[in-house]
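A.B. asks: I am attaching a structure below and will ask some questions about it afterwards.
The values are calculated or read from the model by the stated rules, or taken from the named source; none is laboratory data. Here the structure is a predicted model, which means the values were calculated and not measured. No Cβ is skipped: glycine too gets one built from the backbone with ideal geometry, and neighbour counts run over all protein chains shown.
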Amino acid sequence: MATFFGEVLSVYSRAVDEDDEDLDENEEDEQIRRELDEKRTVQLQWSTDVTESLRSGNKLLCSDFVLAVGHNAASFLSAYVLASAKWDAVGRALVWNERSRAATGQTSEESACVFYRHKDTPAVLICHVTCYVAEDQQFQWTEKVFDCLQPRELTVTVLSDGSVADYKTADYLCSSSAPFLRALHTSAFSDQPVCQPLEQPNIVTGLPAAVLNHCQVHRIAAVVYQCYSDVIGPDSVTMETYKPTLTKLGKSIQVNSSPQTDALRKFVRATEIQSNLYI
Amino acid sequence: MFISSQNSPVAFKGFTLVMPAVAVGNVGQLAVDLIISTLNLSRVGYLHTDCLIPMAGNNPYSTCKEDAEGLHCPAEVFTAAERKLAVLQIRVPIIQKKSKKFRQMLVSWIKSSGFSRTVVLSSSHAYQRDDQQLHGTPLRYLATPSLLKVSVDTLKELGWREMERVPAFPGVKDADAEPRLCIPGGGITKGLYSDSCLAEDLPLAVLLLFCSEGDNIPDAFALVNHLNDWLHLLDTLGCECKWKIPTSWSLLFGSGIPPALF
């Protein structure tokens, strides 16, 4: 549907139609469909040494895996954690779908999913995801990534951006309480989350949900910290909300308590211009 | 596809499986929620598949603060072993273009688990009923030949109405066009029924309700009471027992209203 300003919003209906899958497709349609499916396949590209290691049957030993989904979560990790320069970029995931912007020279979408490994404790991995991972790619992404990991008392922490508009509560939430965190963890996660649990009837969807599903089913300790914010783009207040989430991860993930203001500004400015509807 | 959450293997042989189809108004899923919540079923495993949209949430059947936490996944299996009842709940839509694969996986799981019968709770668009379907009860049933062999008398006694076959091209007087089964808005219902009839000859029944999108809670109650007439799920709980609404049904139409609005 189109809004008053002409933006097109995708509106979901619960009404379900039968798939017309049994209609005969001609060969050309089938080929186009096959090529599109191939293009949508999630591909992981690792650094040379990791590729060699995987090829010889040795997966990436991992005791802590931190995944940031969304711009604020990713910017938080960049400014407060990765800035310590003790991290190596060891791989990336290529995810193409209908929301990927057309490549113009530097493909910003392609580097929107990067894996980092700590130099001193290589069993600690961080991953940024700032691109959109479509519904049919979320399961695939999760399976492929976890397939490369050799869990060693693995704990997975997911930081996920969300909008307070999606948060359902009986008492109306005035905007001054946003941004805030809510936690959702698997049965195998025995530690205490740093914030309140996510109350019914709220749910988590997207890549964080896919990771939680995988971890629940495979009995891996995992926790998702969903940050509900009233600001759409990167925002330093929202980023700061994530600070308590990494306190449990010990020395390997040191949170820089006061990153330089310039570093924060760099992340915030990136989307400011694009969000102005009237330019 | 089925992954157990228990430490010992789960046995389904001889059980009745009740499952929803993701269909208009989510009536089947709401009805299944009522069954799980009222009978206090325990989860025994997950259907872990790439055919479903991922989601996660805390315990939708929590009754107090102590059991409020507990991760739940898109498709889970619950049982009551003493009743020989298994219930599958599906909380998410099936990914487009994967419904055939999902149906095949379901049929294969049903077969390998040895369920004695499967009941699919579903719904269909009320606005697409033809003239004859507009009259009388909005509830319909379908049963595969192998289920009919066992249950034909029970179904006759219940006086249920079978889902009608409709002409392929309504209004066009074409003597050659055979009336066919049509379940608009029913998701995988028709496909699942056809697969069960033809390929596998599974004992499967479909219970569906004509409805429209909106507040579908009354529809869910209608469907689950209809099922109860056959399976007598509430009987062992005492005659005055009513269906228990789960906590996940709160705020179905959004958050509380800001007082500043007035």
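Rundown of residues vs (1) assigned to a helix (DSSP H, G or I); (2) at pLDDT 80 or above; (3) under 21 Å from A:ALA210 (Cβ atoms), yes/no style:
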position	(1), (2), (3)
A:PHE4	no, no, no
A:VAL16	no, no, no
A:ASP49	yes, yes, no
A:SER53	yes, yes, no
A:SER63	no, yes, no
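Matching residues to (1) under 23 Å from B:PHE2 (Cα atoms); (2) part of a strand (DSSP E or B):
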| site | (1), (2) |
| --- | --- |
| A:ARG182 | no, yes |
| A:VAL194 | no, no |
| A:ALA210 | yes, no |
| A:HIS214 | yes, no |
| A:ARG219 | yes, no |
| A:GLN226 | no, yes |
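A.B. asks: When you scan segment B:208-223, how many residues do you find that are closer than 23 Å to B:SER151 by Cα and surrounded by fewer than 24 Cβ atoms within 10 Å (Cβ to Cβ)?
C.D. replies: Residues flagged as closer than 23 Å to B:SER151 by Cα and surrounded by fewer than 24 Cβ atoms within 10 Å (Cβ to Cβ) within segment B:208-223 amount to 1.
A.B. asks: I've got another one for you. Looking for whichever is over 18 Å from the mean Cα position of the chain (by Cα), among the hydrophobic types (A, V, I, L, M, F, W, C) and within 18 Å of A:ILE253 (Cβ to Cβ) here; the options are A:ALA183, A:ALA123. Which one fits?
C.D. replies: Within the list A:ALA183, A:ALA123, the selection yields A:ALA123.
A.B. asks: Given the criterion part of a loop (DSSP other than H, G, I, E, B), of a type in the set (A, V, I, L, M), under 25 Å from B:PHE253 (Cβ atoms) and within 12 Å of chain B (Cβ to nearest Cβ), identify the matching residue among A:ALA188, A:ALA170.
C.D. replies: A:ALA170
A.B. asks: Among the residues of segment A:136-143, is any in a helix (DSSP H, G or I), crowded, with 17+ Cβ neighbours inside 10 Å, away from every other protein chain (no Cβ under 13 Å) and touching a residue at least 60 places away in the same chain (Cβ under 8 Å)?
C.D. replies: Checking segment A:136-143: not a single residue is in a helix (DSSP H, G or I), crowded, with 17+ Cβ neighbours inside 10 Å, away from every other protein chain (no Cβ under 13 Å) and touching a residue at least 60 places away in the same chain (Cβ under 8 Å).
Condition check ((1) modelled with pLDDT of 80 or more; (2) crowded, with 18+ Cβ neighbours inside 10 Å; (3) not β-branched (Val, Ile, Thr)) across all residues:
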site	(1), (2), (3)
B:GLU164	yes, no, yes
B:PHE169	no, no, yes
B:ARG180	yes, no, yes
B:GLY185	yes, yes, yes
B:TYR193	yes, yes, yes
B:LEU198	no, no, yes
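A.B. asks: Looking only at segment B:60-109, count how many residues are in a loop (DSSP other than H, G, I, E, B), out of contact with any Ser or Thr (no Cβ under 7 Å at 6 or more places or on another chain) and of a type in the set (S, T, N, Q).
C.D. replies: Selection size over segment B:60-109: 2.
A.B. asks: Need the failing condition index for A:ASP24 against (1) modelled with pLDDT under 80; (2) more than 30 Å from B:GLY214 (Cβ to Cβ); (3) surrounded by 11 or more Cβ atoms within 10 Å (Cβ to Cβ), just the number.
C.D. replies: Going through the list (1) modelled with pLDDT under 80; (2) more than 30 Å from B:GLY214 (Cβ to Cβ); (3) surrounded by 11 or more Cβ atoms within 10 Å (Cβ to Cβ), A:ASP24 breaks only (3).
A.B. asks: Can you go through B:LEU192, B:LEU209, B:LEU202 and tell me which one is within 19 Å of B:ARG140 (Cβ to Cβ) and not in a helix (DSSP H, G or I)?
C.D. replies: B:LEU209
A.B. asks: A further question follows. Within segment B:128-146, track down each residue that is farther than 13 Å from B:ALA205 by Cα and among the β-branched types (Val, Ile, Thr).
C.D. replies: Of everything in segment B:128-146, just one residue is farther than 13 Å from B:ALA205 by Cα and among the β-branched types (Val, Ile, Thr), namely B:THR137.
A.B. asks: Could you check segment B:4-25 and list, in sequence order, the residues that are in a helix (DSSP H, G or I) and within 17 Å of B:LEU192 (Cβ to Cβ)?
C.D. replies: B:VAL24
A.B. asks: Just to verify a result, which residue in segment B:43-59, among those that are part of a strand (DSSP E or B) and under 19 Å from B:LYS244 (Cβ atoms), is nearest to the chain's Cα centre (by Cα)?
C.D. replies: Here the residue is B:ARG43.
A.B. asks: Another question, then. Could you tell me how many of the residues in segment A:119-143 are at pLDDT 95 or above and touching a Gly at 6+ places or on another chain (Cβ under 8 Å)?
C.D. replies: Number satisfying all stated conditions: 1.
A.B. asks: Considering only segment B:217-262, state which residues are at pLDDT below 90, away from chain A (no Cβ under 14 Å) and part of a helix (DSSP H, G or I).
C.D. replies: Selection gives B:ASP235, B:THR236, B:LEU237.
A.B. asks: Could you tell me whether segment A:211-224 includes any residue that is more than 25 Å from A:CYS148 (Cα to Cα), touching a residue at least 24 places away in the same chain (Cβ under 8 Å) and either more than 19 Å from the chain's Cα centre (by Cα) or more than 12 Å from chain B (Cβ to nearest Cβ) (or both)?
C.D. replies: no
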